[in-house]
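Notes follow once the structure below has been shown.
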2 protein chains.
Amino acid sequence: MIGSGGEKILLAHGSGGKAMHELIESLLLPAFRNPKLEPLGDSARLELGGRELAFTTDSYVVDPLFFPGGDIGRLAVCGTINDLAVCGARPLALSCALILEEGLPMADLEKVVESMRSAADEAGVEIVTGDTKVLPHGKGDRLFVNTAGVGLLPEGRRWLPGTAEPGDVVLINGHVADHGAAVMAERERFALRAEIRSDVAPLNHLIEALLEAVPDVRCLKDPTRGGLASALNEIAAASAVSIVLDEEAIPVRGPVAALCELLGLDPLYFANEGKVLAAVPPRRADEALAALRSHPLGRYAAAIGEAKPFDRVPLSARTLLGSHRVVGMLTGDQLPRIC
Amino acid sequence: MIGSGGEKILLAHGSGGKAMHELIESLLLPAFRNPKLEPLGDSARLELGGRELAFTTDSYVVDPLFFPGGDIGRLAVCGTINDLAVCGARPLALSCALILEEGLPMADLEKVVESMRSAADEAGVEIVTGDTKVLPHGKGDRLFVNTAGVGLLPEGRRWLPGTAEPGDVVLINGHVADHGAAVMAERERFALRAEIRSDVAPLNHLIEALLEAVPDVRCLKDPTRGGLASALNEIAAASAVSIVLDEEAIPVRGPVAALCELLGLDPLYFANEGKVLAAVPPRRADEALAALRSHPLGRYAAAIGEAKPFDRVPLSARTLLGSHRVVGMLTGDQLPRIC
């Protein structure tokens with residue numbers, strides 16, 4: 001880690017947690033410093049003749065390429081669409097850049113490409129430009145995908161402030177940790193993996209429905225790498241509030257909870273790829289929850305916490321026993337290559 | 001190759017030549033088929049409230065990371081800027097997605113990031129959004145970079161037709177094959193490598209100057225992977241013309257010509273990263289050449305050929321001896337990982 005004695009890239013630098021934030025803040029932000037580049041924004045904001053555009057990118061290196069509920073292609077399309085949607089933007093177009101390893105079976109590539117097409121159709125977005133590179137055998141790992149996306153803020157909608165205020169209610173559109181658990185179970189070939197499916201899905205229509213119903217949503221964020229815990233820590237830090245979760249209210253599916261129990265891991269740090277966190281003013285919380293629940297991807301939406309005036313700890317959880325535990329950002333590399 | 005019995009990805013699928021075109025045309029285009037996706041366009045064209053946006057992406061996997069005249073970072077910034085500029089668009093913003101291999105020296109990453117920043121400054125473009133992923137040691141090759149870019153067509157400028165017409169003069173802004181030769185010489189540690197430097201440069205200001213002086217430029221293309229030969233074959237095919245080159249007029253630096261001679265390779269197939277081909281109506285050729293030459297990156301600009309009514313062969317060259325040779329698209333993988 002920069003500034004802490006190490007001089008090489010570690011797996012933790014890609015975790016979505018603390019080491020990655022340090023790398024971004026110590027190396028990338030100072031180099032590219034400009035007013036549009038923000039460490040916590042899911043998309044950059046470009047102004048263009050009175051309209052606001054969102055622009056974002058992500059590379060996908062998930063291992064395995066195929067897992068219950070999805071594959072690297074679906075992930076690459078949904079992830080970028082979701083990064084646009086959480087800013088309040090409607091996705092306009094995606095790019096798709098493939099890095100292939102020599103020897104990749106053509107059938108695998110065909111499946112991934114078909115899966116990208118189908119996810120893009122589901123979201124109503126087109127893939128309009130692309131690139132293909134090939135690495136000699138042994139210099140890559142089958143297939144990496146990059147997608148970038150351009151979105152447009154609908155006329156009359158303001159760019160979401162991206163911060164929460166004391167009193168705001170924190171909502172999520174369903175069960176947490178499905179994606180991380182599905183990838184981990186598939187990778188380790190656990191017996192129960194058939195019961196755990198990734199939640200990977202394009203959230204643009206769900207988010208559109210939410211923002212139509214409740215335009216004064218304060219903040220949306222997709223809790224991907226680093227999980228719920230890292231995403232809420234980021235929101236709390238950016239908003240200078242303390243967020244208190246109600247642990248009992250956080251939806252976790254039985255098999256996922258069982259896997260976490262078995263491995264001694266916390267589902268709050270597992271990646272999600274079809275979830276969105278919303279901070280909404282308390283008087284609009286019921287409407288927002290109803291809007292989420294009226295969409296198939298929000299059927300299990302729940303209010304899971306509250307923002308309070310900042311009080312030492314950015315994120316904590318009220319446990320089943322009534323005590324409070326501190327929930328820090330992800331440190332280390334609990335789940336490398338999860339997306 | 002698809003449709004020719006093979007079932008695995010080959011290095012040639014990333015060459016910029018024939019196998020890559022077959023992969024794109026047989027697999028990617030049918031899957032993503034939509035009116036904005038074009039096999040030959042360097043950028044996709046998005047319409048937005050009466051304005052035209054260009055959107056493009058490229059991944060960079062060049063080996064070695066550092067070579068005389070540049071590195072993977074400079075390449076990643078310039079390549080995407082040039083793909084926007086050849087459509088007539090002014091670059092608005094870039095993204096930068098890094099895939100790092102565990103163990104990459106932090107100092108190498110710092111050099112690459114600094115180089116991206118400096119190339120972006122040179123072009124007057126900002127890097128506004130990014131992503132970082134880390135691969136376990138042995139699953140990647142130090143560092144891959146993806147950049148995507150968004151550009152805007154200035155008001156009053158039309159999107160370049162991208163095709164040439166019979167009679168058009170073909171111009172290039174300087175010496176060919178420098179990038180491919182520099183990377184190859186560095187990789188193979190040839191003694192003469194100190195004399196060969198990559199031409200990698202952002203061409204947006206040069207192209208702006210050309211289009212200001214000669215708005216009726218018909219077609220611009222950057223001859224990167226696959227070299228001059230593949231780019232001109234693409235132009236000829238898209239335009240249904242035959243292009244005849246004057247071999248003697250094509251600028252090639254001495255050490256580059258010597259390297260090609262030594263290896264029995266044709267400089268017309270070597271990658272360029274700071275070159276642009278222009279097809280211009282004959283009555284504007286002198287003005288266009290003057291506009292190119294007035295810019296530091298166009299000092300050695302030359303008229304190198306002419307478009308004629310289609311006559312069996314898309315691209316041919318008049319040799320020093322006065323005979324004509326057919327110049328096909330790149331086949332195979334002359335230079336893997338050149339960009």
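The values are calculated or read from the model by the stated rules, or taken from the named source; none is laboratory data. Since we're looking at a predicted model, the values are computed, not measured. Cβ coordinates were reconstructed from backbone atoms using ideal geometry, including for glycine residues, and neighbour counts include every protein chain displayed. Keep in mind that these areas ignore ligands, DNA and RNA; they rest on the heavy atoms of the full protein, side chains included. Shrake-Rupley method; radii C 1.70, N 1.55, O 1.52, S 1.80 Å.
Quick look at the values:
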| read-out | value |
| --- | --- |
| Two-site label geometry, A:Ser294 and A:Ala194: point separation in nm, points 7 Å out along Cα→Cβ | 3.9 nm |
| Contact order normalised by residue count of segment B:169-326, Cα under 8 Å, 6+ apart, percent | 43 percent |
| Computed over segment B:65-219, Kirkwood Rh from alpha-carbon pairs, angstrom | 17.2 Å |
| Assigned charges on the beta-carbon of Lys, Arg, Asp, Glu; the protein assembly as shown dipole about Cα centre (debye) | 140 debye |
| Distant-in-sequence amide H partners of B:Leu315 (H built 1.01 Å from N, under 5 Å) | B:Ile243, B:Val327 |
| Net length gained if the chain between B:Asp266 and B:Asp311 were fully extended (0.36 nm per residue, minus Cα distance) | 13.8 nm |
| Rounded if a/c under 1.5, otherwise prolate or oblate - segment A:259-305, Cα gyration tensor axes | prolate |
| Percentage, to the nearest whole number, of Cα pairs in segment B:126-170 over 16 Å apart | 68 percent |
| Pairs of alpha carbons in segment B:282-331 whose separation is greater than 17 Å (percent) | 54 percent |
| Heavy atoms of B:Arg253: accessible area, 1.4 Å probe, square angstrom to 10 | 100 Å² |
| Selected from B:Ile172, A:Val200, B:Ala288, residue furthest toward positive end of dipole (the protein assembly as shown; charges at beta carbon) | B:Ala288 |
| Copies compared at A:Glu7 - label distances in nm, ascending, label defined 7 Å from Cα in the Cβ direction | 4.9 |
| Rg/Rh (Cα only; Kirkwood hydrodynamic radius) as it applies to segment B:190-247 | 1.07 |
| Three principal axis lengths of segment B:148-222 [C-alpha, angstrom, descending] | 50, 32, 20 |
| Other protein chain Cβ atoms within 10 Å, averaged over every residue that makes up B:150-163 | 1 |
| Solvent exposure ordering (accessible area, 1.4 Å, most first) of B:Thr224, A:Thr147 | B:Thr224, A:Thr147 |
| Inter-probe distance in nm under a simple model that places probes 7 Å from Cα toward Cβ, at A:Asp216 and A:Glu114 | 4.9 nm |
| Nearest-first distances (nm) between copies at A:Thr319, label 7 Å from Cα via Cβ | 8.3 |
| Lys, Arg +1 and Asp, Glu -1 on Cβ, resulting dipole of segment A:218-339 about Cα centre, debye, nearest 20 | 240 debye |
| Principal axis dimensions, largest first and in whole angstrom, of segment B:169-326 by Cα | 45, 37, 25 |
| Global geometry of segment B:176-219, whether rounded, prolate or oblate, following the gyration tensor of its Cα atoms and the 1.5 cut on a/c | prolate |
| B:Glu208 versus B:Glu165: modelled label distance in nm, points set 7 Å from Cα along the beta carbon direction | 2.9 nm |
| Cα centroid separation - segment B:301-320 against segment A:8-77, whole Å | 45 Å |
| Efficiency of FRET from Cβ geometry, B:Glu7 and A:Leu29, R₀ 60 Å, rounded to 0.05 | 0.85 |
| Rounded to whole Å, sorted largest first: equivalent-ellipsoid semi-axes of segment A:235-339, Cα gyration tensor | 22, 20, 14 |
| FRET efficiency for A:Thr319 and A:Glu22, using Cβ-Cβ distance with R0 set to 22 Å, rounded to 0.05 | 0.15 |
| Over 27 Å (Cα to Cα) - which of A:Lys221/B:Lys8; A:Lys18/B:Lys111; B:Lys18/B:Lys111; A:Lys308/B:Lys133; A:Lys275/A:Lys308; A:Lys133/B:Lys221 fall in this group | A:Lys221/B:Lys8; B:Lys18/B:Lys111; A:Lys308/B:Lys133 |
| Hydrodynamic radius by Kirkwood, which averages 1/r over all alpha carbon pairs of segment B:34-152, in angstrom | 14.9 Å |
| Rule-of-thumb Rg ratio for the protein assembly as shown [Cα; 2.2 N^0.38 Å; N residues] | 0.98 |
| Residue among B:Leu84, B:Leu104, B:Ser115 farthest towards the positive dipole end of segment B:72-124, charges placed on Cβ | B:Leu84 |
| Normalised alpha carbon radius of gyration of chain A [divisor 2.2 N^0.38 Å] | 0.96 |
| Student exercise, chain A dipole from Lys, Arg, Asp, Glu Cβ charges, in Debye to nearest 20 | 320 debye |
| Inter-chain shielding of B:96-106 (mean C-beta neighbours from other protein chains, 10 Å cut-off) | 6 |
| Residue among A:Gly298, A:Leu232, A:Val313 farthest towards the positive dipole end of segment A:169-326, charges placed on Cβ | A:Val313 |
| Relative contact order %, segment A:34-152, counting alpha carbon pairs below 8 Å whose residues are six or more apart | 38 percent |
| Of A:Leu211, A:Leu289, A:Leu28, the one that fluctuates the most in a GNM where chain A has Cα springs shorter than 10 Å | A:Leu28 |
| Beta bridges per DSSP with both ends in chain B, % antiparallel, nearest 5 | 75 percent |
| Average Cα contact separation per residue, chain B, under 8 Å, 6 or more apart, as relative contact order % | 24 percent |
| Gaussian network model of chain B, springs between alpha carbon atoms under 10 Å - residue of B:Lys133, B:Lys275, B:Lys18 with greatest fluctuation | B:Lys133 |
| Selected from A:Ser43, A:Ser294, A:Ser26 as most flexible by GNM, with chain A as the system and alpha-carbon contacts under 10 Å | A:Ser26 |
